[in-house]
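One structure is given here, and the rest of the page talks about it.
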Amino acid sequence: MVGQSHLLDKLKELARNLWWCWQANVIDLFRELDPTLWREVDHNPVEFLKRLPTDQLERRAAEMALDSRIDYAFRRLSEYLKDTNSWGAVHATILRARPVAYFSAEFGLHESLPIYSGGLGVLAGDHLKSASDLGIPLIGVGLLYNQGYFRQSLNADGWQQESYLNADTDLLPIEKVDGPDGRPLRVAVETATGVLHAQVWRVEVGRTLLLLLDSNVPENSESDRALTARLYGGDARTRIRQELLLGVGGVRAIRALGIRPSVLHLNEGHSAFATLEKIREQMEETGMPFGEVIRDVAQMTVFTTHTPVAAGHDRFPAPLVEEHLGKIREAMHLSYDDFMGLGRVYPHDLNELFCMTVLALKLSRYANGVSSLHGVVSRRMWHPLYTNVAEEQVPIGHITNGVHVQTWVAPQMAMLFNRHLGVDWPKRQRYADTWSAIDKVDDAELWETQQVLKARLINFVRSRLTAQARRREEPESRVERFANVLDPNALTIGFARRFATYKRAGLVLQDIDRMVDLIKNADRPIQFVFAGKAHPEDRMGKELIQHIVKITWDERFAGNIVFVEDYDMNVARHLVQGVDVWLNNPRRPQEASGTSGEKAVLNGALNFSILDGWWAEAYDGTNGFAIGAGTTHASIQVQDERDHASLIETLTNQVVPIYYDRDAAGLPRKWIARQKDAFRTLAWKFNADRMVMDYVNRSYLPAAGGLSRQ
């Protein structure tokens, strides 16, 4: 029992630090203890260990000789946490004493901590992970949504249904933060109608700390206790109160812990109120007037905008802003009109709503979009804020998003990289030379690895679809059909993302008769896997899901087009690791970045995309496929028609023929050559290590005053 207790303690330590979720060997440890239970708890090791009988733990550890592997994993975590030989230890030393405070409304770290909805949150999670790997002193600040984002299911008519689960904090990898007095740390934010209170929780993400604010405390009213229950739920009043807690409450939580950040990084405008609290705090500490302090706070603030559509930026009526920020406005000694002007493009236009993005841009000296094209779009969109400069001189640059490689690369593909790139390739992933060795990989080995991943995806999809059908009590004949969907030998195309109309999920299916010919081609069949959620208030998005689901019921497509419910990080992981082609066809230029395609690259899938977001700067003619020529039309209808025509033409004349062009050994040599081109030209550039290093060099160090030359 002593040995078993010793192993359980180490497993609990591993479970409490999310470092495990990008360590394939540690994930395998949990899975091998009880594969069925591991799936039942949605890969949540905290809940897994609470439900795993101690005698079973002891027996399985003995049967599979897991004790030495558990010890090894525990030592690796300890060494990782203590390692001082990191890139940040050399290049970001000024941040050690005064770290970066990274604010985001959502963080996608793993499906077991459901405080994310999509790309913005996953990007924030990847940012934290790479900051940890690089040794960048950084603290994340967010909100704890105990109901998370909604769970998606489809009814018998294919209509999206939303449900919310109350998370048990005892089953999450979080801990309450204690204040200096040893009691659980609470923060308070005063408004004109009362005080908002929040408990502070902590999440260990490798060497990075994430603080989460939770309004579900007894001091709050019933409505305020539910304030942080759901991500992106409720009306404008709920939204502004959430953002008040995130920005103002987040700064106060950091201050209560004695942390004095040298940089505030606002990941999207939701957290822009943090700048106002920082100004108020410094005015109180220094006795200096607003006009001087605002310069200091703007100098330390980095703002990343992700939204290329004007309607996507949060805006609030002035009375609602005054109700929630009036106390801070008074402390800053600003008049009502001057304060409201901080959130307006035209400060004296009393009819203009208070915009969080405008506030963030006015109170930051380092602003960026998330791809080169998005930088151009952002400068054009916000040029009215900078009337004295030409559009191209608007001070909004770009740092293109990247993905955390070890989170998204499949273990099988990582093993291939270990053999051919060297076992230390993760530390060298950001260098182009690291990936040049991919050319020496035997074509058959790369192809076989990718086929194994495809088979894994197909098994996953079949399991999910049969479970969905049984939940809807569908006939056993349909359940059996779902158990045999998708052909392992067919070209498999994946499309998974938020079902916003501009992403045009149904573009490829616009001409059903043409698609029948392509899908049912006896010699060169194709098949599609769709997944994604529509916002609960987005009826058009829901109608699009229903449209695609009903197409999957069409007997002409039986088994060749499928829709997987409840898109989350787990579903995303299987899709980007298993498809042959990753399809992305937004209406240019409305895709800010589109990082899902970067994840697919790491697993051998080829991108087939509109030249928008990251793909506009990544495609070179041989490392994937392009839809259109990177142009837009004044008419949305004309643009959609042209893009559809290009999509079908490229699919028919390039994608399908190259995939099915096999040699005597059955290998698609030209396809594999494109896969290698994609690895060599894209993997080193579009990863989160490169992204975070860019933030350090271009934003964090100058914001912190840490550049010795410029």
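The values are calculated or read from the model by the stated rules, or taken from the named source; none is laboratory data. Just so it is clear, the structure is predicted and the values come from calculations on it, not from any experiment. Glycine gets a Cβ as well: all are built from the backbone with ideal geometry, and neighbour counts include every protein chain shown. Just so you know, the surface numbers come from the protein's heavy atoms only, side chains and all, with ligands and any DNA or RNA stripped out. Shrake-Rupley method; radii C 1.70, N 1.55, O 1.52, S 1.80 Å.
The lone criterion from (1) under 27 Å from GLU448 (Cα atoms); (2) assigned to a helix (DSSP H, G or I); (3) out of contact with any Leu (no Cβ under 9 Å at 6 or more places or on another chain); (4) among the aliphatic types (A, V, I, L, M) left unmet by ALA522 is number (2). Residues that are open to solvent by 20 Å² or more (accessible area, probe 1.4 Å) and among the hydrophobic types (A, V, I, L, M, F, W, C) were ranked within the range 581-632; the one that is modelled with the lowest pLDDT is ALA629. Within the range 461-504, count every residue that is out of contact with any Ser or Thr (no Cβ under 6 Å at 6 or more places or on another chain), closer than 30 Å to ARG662 by Cβ and assigned to a loop (DSSP other than H, G, I, E, B). Selection size over the range 461-504: 7.
The conditions of being in a helix (DSSP H, G or I), open to solvent by 90 Å² or more (accessible area, probe 1.4 Å) and within 19 Å of LEU7 (Cβ to Cβ) are met by ARG75.
Condition test on ALA522, is it farther than 20 Å from SER646 by Cβ, of a type in the set (A, V, I, L, M, F, W, C) and free of Cβ contacts under 8 Å to residues at least 24 places away in the same chain? So ALA522 passes the test.
Can you name the residue in the range 299-358 that is aromatic (Phe, Trp, Tyr) and in a helix (DSSP H, G or I) and, of all such residues, is farthest from TYR232 (Cα to Cα)? Restricting to residues being aromatic (Phe, Trp, Tyr) and in a helix (DSSP H, G or I), the top hit is TYR336.
Scanning the range 305-317 for residues that are in contact with a strand residue (DSSP E or B) (Cβ under 8 Å, 6 or more places away or on another chain), open to solvent by 20 Å² or more (accessible area, probe 1.4 Å) and more than 27 Å from TYR700 (Cα to Cα) yields ARG315, PRO317. In this structure, does ARG202 turn out to be over 26 Å from the mean Cα position of the chain (by Cα) and modelled with pLDDT of 95 or more? No; evaluated as a whole, the condition is false for this residue. Scanning the range 523-551 for residues that are under 24 Å from ASN653 (Cβ atoms) and among the small types (Gly, Ala, Ser) turns up nothing. If you go through the range 233-249 and keep only what is over 17 Å from LYS327 (Cβ atoms) and in contact with an Asp or Glu (Cβ under 8 Å, 6 or more places away or on another chain), you end up with just ARG239. Return a yes/no flag: does the range 240-253 have any residue that is touching a helix residue (DSSP H, G or I) at 6+ places or on another chain (Cβ under 9 Å) and free of Cβ contacts under 8 Å to residues at least 40 places away in the same chain. No, that holds for no residue.
Between GLU47, GLU32, the distinction of being part of a helix (DSSP H, G or I), without any contact (Cβ under 8 Å) to a residue 40 or more places away in the chain and not basic (Lys, Arg) belongs to GLU32 only.
The set of residues in the range 617-646 being over 26 Å from LYS685 (Cα atoms) and outside any loop (DSSP other than H, G, I, E, B) consists of ILE636, GLN637, VAL638, GLN639, ASP640, GLU641, ARG642, ASP643, HIS644, ALA645, SER646. The condition of being among the aliphatic types (A, V, I, L, M) and open to solvent by less than 10 Å² (accessible area, probe 1.4 Å) holds for only one of LEU334, LEU325, that being LEU325.
For the range 73-84, the criterion of being over 19 Å from GLN23 (Cβ atoms) and more than 24 Å from the chain's Cα centre (by Cα) is met by at least one residue. Looking across the range 32-57 at every residue that is within 16 Å of LEU7 (Cβ to Cβ) and open to solvent by 80 Å² or more (accessible area, probe 1.4 Å), the one that is farthest from the chain's Cα centre (by Cα) is identified as ASP55. Of the residues examined, GLN152 is one that is polar (S, T, N, Q) and closer than 22 Å to LEU113 by Cα.
I'm checking my understanding of the structure. Among residues of the range 633-663 that are over 21 Å from ASP580 (Cα atoms) and open to solvent by 80 Å² or more (accessible area, probe 1.4 Å), which one is nearest to the chain's Cα centre (by Cα)? That would be ILE636. Annotation note: Cβ proximity below 8 Å between a residue of the range 478-489 that is farther than 17 Å from ILE519 by Cα and a residue that is open to solvent by 70 Å² or more (accessible area, probe 1.4 Å) and modelled with pLDDT under 95 (sequence gap 6+ or interchain) occurs for VAL479/ARG470. Return the residue satisfying two criteria in turn: it lies in the range 413-463 and is basic (Lys, Arg) and open to solvent by less than 50 Å² (accessible area, probe 1.4 Å), and of such residues it is nearest to the chain's Cα centre (by Cα). Looking at the filtered set, the residue picked out is ARG430. Looking across the range 119-154, the residues that are open to solvent by less than 10 Å² (accessible area, probe 1.4 Å), within 27 Å of ASP538 (Cα to Cα), of a type in the set (Gly, Ala, Ser) and touching a Gly at 6+ places or on another chain (Cβ under 9 Å) come down to GLY121, ALA124, GLY125, GLY142. Output the residues belonging to the range 261-304 that are buried (at least 17 other Cβ atoms within 10 Å of the Cβ), of a type in the set (S, T, N, Q), out of contact with any strand residue (DSSP E or B) (no Cβ under 6 Å at 6 or more places or on another chain) and in contact (Cβ under 8 Å) with a residue 60 or more places away in the chain. Result: SER262, single match. Within the range 11-70, the set of residues being closer than 20 Å to LEU113 by Cα, in contact with a Gly (Cβ under 8 Å, 6 or more places away or on another chain) and among the charged types (D, E, K, R) is empty. Restricting the first member to the range 395-406 and to residues that are β-branched (Val, Ile, Thr), and the second to residues that are in a strand (DSSP E or B), the beta-carbon pairs closer than 7 Å and six or more apart or on different chains are ILE396/ALA367; ILE396/ASN368; ILE396/GLY369; ILE399/ASN368; VAL403/ASN687; VAL405/ASN687.
Does MET515 satisfy the criteria of being in contact with a His (Cβ under 8 Å, 6 or more places away or on another chain), open to solvent by less than 10 Å² (accessible area, probe 1.4 Å) and at negative phi? No; evaluated as a whole, the condition is false for this residue. Using the structure shown, decide if LEU361 is in contact (Cβ under 8 Å) with a residue 24 or more places away in the chain, open to solvent by less than 30 Å² (accessible area, probe 1.4 Å), within 30 Å of GLU284 (Cβ to Cβ) and in a helix (DSSP H, G or I). It is true that LEU361 is in contact (Cβ under 8 Å) with a residue 24 or more places away in the chain, open to solvent by less than 30 Å² (accessible area, probe 1.4 Å), within 30 Å of GLU284 (Cβ to Cβ) and in a helix (DSSP H, G or I). I want to confirm something. Restricting to the range 209-231 and keeping residues that are in contact with a Lys or Arg (Cβ under 8 Å, 6 or more places away or on another chain) and open to solvent by less than 60 Å² (accessible area, probe 1.4 Å), which single residue is farthest from ARG151 (Cα to Cα)? The extreme case among them is LEU209.
Residue-level analysis places HIS197 outside the set of residues that are open to solvent by less than 10 Å² (accessible area, probe 1.4 Å), touching a strand residue (DSSP E or B) at 6+ places or on another chain (Cβ under 6 Å) and either outside any strand (DSSP E or B) or not aliphatic (A, V, I, L, M) (or both).
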